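The values are calculated or read from the model by the stated rules, or taken from the named source; none is laboratory data. Just so it is clear, the model here is predicted, and its values are computed rather than measured. Here the Cβ positions follow ideal geometry from the backbone for every residue, glycine too, while neighbour counts run over all protein chains shown. Just the protein is used for accessible areas: all its heavy atoms, side chains included, with ligands, DNA and RNA removed. Shrake-Rupley method; radii C 1.70, N 1.55, O 1.52, S 1.80 Å.
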Amino acid sequence: MHKGIRNWGPPVLLISPTLILIAIFVYGLIGVNTSVAMSNRHSIAPATEFVGFKNFSDLLAEERFQHSLVNLAIFTVFFIVGTMVFGFLWAWMLDKGVTAEGVFRSVYLFPMAISFVASGVVWRWLLNSAEGERASGLNRLLESMGLGALQNAWWNEPGWGMAALAMPAVWQLSGYVMALFLAGFRGIPEELREAARMDGASEFKLYRYVVFPQLSPIALSALIIVAHMSLKVFDLIMSITGSIYQTEVPATYLWEALTGNDYAKAATIATILLLIVCVFIVPYLVWTMRNERKAAR
């Protein structure tokens with residue numbers, strides 16, 4: 001028994017401070033948040049009643065929250081597709097071998113070093129919806145290029161304005177996805193490609209049966225990371241449009257509820273956001289654990 005304690009005791013002692021901090025500040029606060037979400041604390045006064053899932057059913061039936069979910073879905077789709085496509089293309093071009101690769105790599109990665117708040121201030125000007133003589137930003141650029149017909153209201157466009165808001169996020173995160181894909185490309189042994197070519201595989205079949213399968217774990221990781229960041233988007237939207245109904249997503253709605261002292265509603269939105277994130281993260285973690293077990297056998 002003493003020998004067993006000597007084996008597992010020191011590792012447990014080493015990680016115990018981290019476990020305690022995570023238990024308090026992650027899972028403990030999630031528990032507190034959930035308890036507030038199930039209370040009637042709709043003002044600064046303490047909660048007086050446990051209401052169960054009533055706040056959740058009320059919120060899901062609310063037209064304003066449904067509108068924020070639709071906005072988030074539009075933003076997420078354009079954000080994920082944009083970052084994955086541009087990130088892959090940039091990595092593919094760099095892997096093909098270009099002169100001054102280090103310069104291009106730095107240029108692509110640089111936007112990631114800028115905070116969403118700072119870039120949001122610039123993109124607020126670039127996405128100015130004014131047209132004609134009062135145009136500025138991208139609308140002014142389009143007009144000067146003789147493409148005035150392409151001027152539009154950007155995020156002020158009803159319905160698809162959230163797609164315009166995804167542009168700054170795509171610009172900022174595509175370099176990160178490129179770095180992931182480039183690491184994947186560089187991790188594929190050259191001998192594997194040469195063997196496929198010697199077997200008569202065309203470039204299309206080489207990518208279809210050799211390169212893409214090797215890149216699929218990288219693509220899945222990038223997809224999960226980008227989706228996770230998209231679902232929590234807050235600072236970028238606040239920097240560009242502020243907290244307005246037209247571009248409202250659950251995170252900005254949560255902010256409105258919190259500053260309005262509706263703690264129960266804010267906690268309910270936070271819990272739903274957490275559950276949505278879990279939909280993406282939990283299957284990925286299960287898949288990763290299964291692959292690690294298979295690799296260990």
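Per-residue 3J(HN,Hα) values for the stretch 146-153, derived from phi via the Karplus relation 6.51 cos²θ - 1.76 cosθ + 1.60 with θ = phi - 60°, read x, 10, x, 5, 8, 4, 8, 7 Hz in sequence order (x marks Gly and Pro).
Multiplying the residue separation of Ser35 and Val85 by 0.36 nm and removing their Cα-Cα distance gives an extension gain of 13.9 nm. A simple packing score, the average count of other Cβ atoms within 10 Å per residue, orders the peptides 50-60, 20-30 as 50-60, 20-30, with the highest score first. Excluding ligands, DNA and RNA, the accessible surface per residue across the stretch 48-200 is 55 Å² with a 1.4 Å probe. Apolar share of the accessible surface for the stretch 13-54: 78 percent from carbon plus sulfur atoms, 1.4 Å probe.
Applying a length cut-off of 30 Å (Cα extent along the axis) and a mean Kyte-Doolittle floor of -1.0 to the DSSP H helices of the chain leaves 63-95, 161-187, 263-296.
Amide H contacts for Ser39 (H built 1.01 Å from N in the peptide plane; partners 5 or more residues away or on another chain; cut-off under 5 Å): Val51.
Computed from the alpha carbon atoms alone, the convex hull of the chain holds 223 Å³ per residue. Straight-line reach from Lys232: which lysines have Cα under 21 Å away, leaving out those fewer than 8 places along the same chain? Answer for Lys232, where 21 Å is the Cα cut-off: Lys265, listed by chain and number.
A viscosity of 0.890 mPa s and a temperature of 25 °C, combined with the Kirkwood radius over Cα pairs in Stokes-Einstein, give a translational diffusion coefficient for the stretch 16-92 of 151 µm²/s.
Of all the options Ile225, Ile80, Ile15, the one that moves most in a Gaussian network model of the chain with Cα springs shorter than 10 angstrom is Ile15.
Here the scattering of the stretch 143-297 is modelled by Debye summation over its C-alpha atoms, one equal scatterer each and no solvent; at q = 0.16, 0.20 Å⁻¹ the log10 of I(q)/I(0) is -1.04, -1.25. Of all lysines in the structure, those lying under 26 Å Cα to Cα from Lys205, and not within fewer than 8 positions of it along the same chain, are Lys96.
Using only side-chain charges placed at the Cβ, +1 for Lys and Arg and -1 for Asp and Glu, the dipole size of the chain relative to its Cα centre rounds to 1120 debye.
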